[in-house]
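Since the structure comes first, as C-alpha cells, the remarks are kept for the end.
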Amino acid sequence: MRRKLVLSAVFFSLCLLVSGQLIAQIPLKYGASREGKRTDAAMQRWRENRFGQFIHFGLYSLAGGHWNGKYVEGAAEWIKGNARISDEDYEALTRQFVLPEFDAREWARIAKEMGVKYSVITTKHHEGFCLWPSEYTDYDVSRTPFGRDLLKEYVDAYTQEGIDVYFYYSIIDWNHPDWRSRVETVEDSLAFFRYCDFMNKQITELMTRYPEVKGFWFDGTWDKSVVKFGKITWDIEQLMHRLNPGIICGSRLRVDEKGARHFDTNGKLMGDYEQGWERSLPEKAPQNDWECVMTIPENQWGYQADWRGHIKSATEIIEMLAAATSMNGNFVLNFGPKGDGSLREEEKQMARKVGKWMQLNGEAIYGCVQAPLKPQKWGYYTRHRDNGFVYMVVCYQPVSGMLKVVLPTGSVIENCVVLGKEGMELKPEKSTKNEFVIPAPEVKDGFPYVIRLKLKEGDSVGNYVAPKV
Ligand code: FHN
C-alpha cells in the first residue's frame, strides 16, 4: 500500500513537472504590446490616482541595515542574505517586534498630506514574515510582542483617509520550508507545489480578510522554479479575478519584467499594467498602462538608518511625478518606516514638501494624461482627460525668460495662468507660425511651477479637442 502511494506521488509529481513545463512554454508570446486595456471603473480609478506610496516594512526594519553594529552594504530589506544572518538569529527579530511608536493613523495622515491616492504595503516581503495573523504560518505579527493585526490597522487608517490600499506579496519566501528557488528533483517539485498551495491560501485569506484591497503588487518571480512553472502565476491571477473581478494585478506576477513574455489565454494577457519601471522612467510613453516605483536614496526600500550617496530632493521627486504623468504613467514613492514603527524624519519632510506642491498643483497630475504636443526643454506637458486644460509643469527656468510652446496649426491660447496666481494672467505671444512664447514668471522657492493653458474651445491637441470649460 505504502509503495503504491509513493509510486503515485512520484507519478503525480512527474506529471506536474512535465505539464507545468509544457504549459509554461506553450502560451509564451514575444512582443510587449497589449491589445485592449481594461476600461472598467476600478482600472480607471487606478489610472486617475496617478500618485501612490510604497511601504516596505518587516523584520528587516528592526535591523535598519546594520548587523552587529556594522553598516551592511546592499538594500536593507535584503540584510538576511547580505550579512549572512542565520535563520535562528534572524527569527530572533520577532521577539524585538514591539513597535512602540507605530500608529497607522499617523502613517495615513502623512500619506494624505503628501497627496497620494493609493498606498502599497509589503504584506510579506522575501523574508516571509507576515504583517497579518495568517492561518497558514506562525511567522507573523501574532507571534510577536506587538501581537496586533498591523495590516488591518493600516487598511482601516488609509481607507478612512480615502486612500486606496494595495498589497505587495513576495512570491519568493526565504522562511517557508517548501519554497524552492530551483526545482530539480521530484521532492523539490512536491515541495514547490505545496508552497503554491500555501500562496493561494494566503492570497485568498488576504482578499477575504481585507476586502478593501484594490489590487496586488507581486514581486520575486525571477527564480528558476517560478519561471519553470510559470503557469502557477497565471493560476494566481485567475484565482484573484474569481474572488474579485475588479482586482488589479501588476505585470510582475508573470515571470518577466518589462513585458517581453506573458501568458495569453483567449486574448487575456497577464497583468493589468506594466510594473517593471523600478527606479527608472521610460523615455517615451509606453503603450500599456504602467507604473514607476521610486526610492528616495539610490536603492533602499526597507529602513536603512544610515542613508548614503545621493538623496533625492522633493524637487527631483516632483519632476519624476510630472514626467510619469506626461507619459500616462503612475508614480509611487517608497517609504521605509523605522523598526519602532515611526516614520523617519527625511520621509516626513519629503511628504510635507511634495504635499504642499500637490495642494497647489495637483490638478496637473490627478486624472491627467499625455498632451501630445512637441516636447520642450522647460519640462512636461500634461492635460486633464476631460476638463479641457493643458498644463505646463516647468522644471527648468529658461535663461531667455521665455517659455516656448508649439501648438497645432490654428490653435489659440485663450487664457494662461500660473496655478496659485490665477489673478495674474500671462500674455502669450505668437512668435512664428505655430509657435508661442510665454514670459516665464519669477520663481523664488526653487520648486517647479505649473502654467495652465485654456485653448480656444474646439481647438485640437493631437486627437483631443478642447471642450468648453
Ligand atoms: O527585491 C525586491 C526589493 O527588495 C524591493 O522590494 C523592490 C521593490 O520594487 N522589488 C525587488 C527588486 O526588484
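Here, each number is a calculation from the coordinates, and none is a lab measurement. Small disclaimer: the values here were computed from a predicted structure and weren't measured. All Cβ positions, glycine included, derive from the backbone under ideal geometry; neighbour counts span all protein chains shown.
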For the chain, averaging the sequence separation of alpha carbon pairs under 8 Å that lie six or more residues apart and dividing by its residue count, the contact order in percent is 17 percent
Considering only lysines 8 or more places apart in sequence, or on different chains, count the pairs in the stretch 372-452 whose C-alpha atoms sit under 21 Å apart. 16
Taking LYS37 as the anchor, which lysines have their alpha carbon closer than 17 Å to its alpha carbon, excluding any fewer than eight residues away along the same chain? LYS258, LYS268
Where nothing but the Cβ of Lys and Arg (+1) and of Asp and Glu (-1) is charged, how large is the charge dipole of the chain around its Cα centre, in debye to the nearest 20? 1140 debye
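Charges at C-beta only: +1 for Lys and Arg, -1 for Asp and Glu. How large is the resulting dipole of the stretch 390-430 about its Cα centre, in Debye rounded to 20? Working shown, then result.
Working: 4 positive and 4 negative charges, 29 e Å.
Approximately 140 debye in magnitude.
Nothing charged except the Cβ atoms of Lys and Arg (+1) and of Asp and Glu (-1): what's the magnitude of the dipole of the stretch 371-457 about its Cα centre? Round to the nearest 20 debye.
On the way: 13 positive and 9 negative charges, 51 e Å.
Result for the stretch 371-457 is approximately 240 debye, rounded to the nearest 20.
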Evaluate E = 1/(1 + (r/R0)^6) for LYS374 and GLN349, where r is the Cβ-Cβ distance and R0 equals 45 Å; express this FRET efficiency to the nearest 0.05. 0.80
Under a cut-off of 29 Å between alpha-carbon atoms, report the lysines in cross-link reach of LYS338, not counting same-chain residues fewer than 8 places apart. LYS70, LYS80, LYS112, LYS117, LYS124, LYS152, LYS214, LYS312, LYS348, LYS353, LYS356
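If each DSSP helix of 4+ residues adds -39,500 (n - 2.57) and the sum is divided by the residues in the chain, what number results at 222 nm, nearest 500 deg cm²/dmol? Kindly include the intermediate steps, with their values, before the conclusion.
Working: 12 runs with 140 residues, N = 469.
Counting only the DSSP helices, I get -9000 deg cm²/dmol.
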Under 5 Å between amide hydrogens, which residues at least 5 positions from ASP140 or on another chain qualify, with H placed 1.01 Å from N in the peptide plane? CYS130
Counting Lys and Arg as +1 and Asp and Glu as -1, what is the net charge of the other residues whose Cβ lies under 14 Å from the Cβ of ARG308? -2
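Are there DSSP H segments in the chain that both extend 30 Å or more along their axis (alpha-carbon positions) and score a mean Kyte-Doolittle hydropathy of at least 0.0? List them, or say none.
Working: long enough: 2-25 (34 Å, 1.20); 186-209 (34 Å, -0.19).
Once both thresholds are applied, what remains is 2-25.
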Using the basic label-point model (7 angstrom from Cα toward the beta carbon), what is the ASP445 to SER342 distance in nanometres? 2.7 nm
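Tell me, what is the FRET efficiency for GLN96 and GLN44 to the nearest 0.05, using R0 = 51 angstrom and their Cβ-Cβ distance as r? Write down the numbers at each step before the final one.
Working: r = 43 Å, r/R0 = 0.85.
The formula returns an efficiency of 0.75 here.
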Based on the mean of other Cβ atoms within 10 Å per residue, sort peptides 437-447, 137-147 so the most packed one is first. 137-147, 437-447
Add +1 for every Lys or Arg and -1 for every Asp or Glu among the other residues with Cβ under 13 Å from the Cβ of SER61, and state the total. -2
For the stretch 41-368, with the dipole built from +1 on Lys and Arg beta-carbon atoms and -1 on Asp and Glu ones, taken about the Cα centre, which of TYR169, CYS368, TYR118 lies farthest toward the positive end? CYS368
Determine, for each peptide in 329-336, 176-183, 214-221, the mean count of other beta carbons within 10 angstrom over its residues, then list the peptides with the highest first. 329-336, 214-221, 176-183
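Note down the net charge around LYS117, summing +1 for each Lys or Arg and -1 for each Asp or Glu among other residues with Cβ under 12 Å from its Cβ. Kindly include the intermediate steps, with their values, before the conclusion.
Numbers: positive: ARG45, ARG47, ARG50, LYS112, LYS214; negative: GLU48, GLU161, ASP164.
It works out to a net charge of +2.
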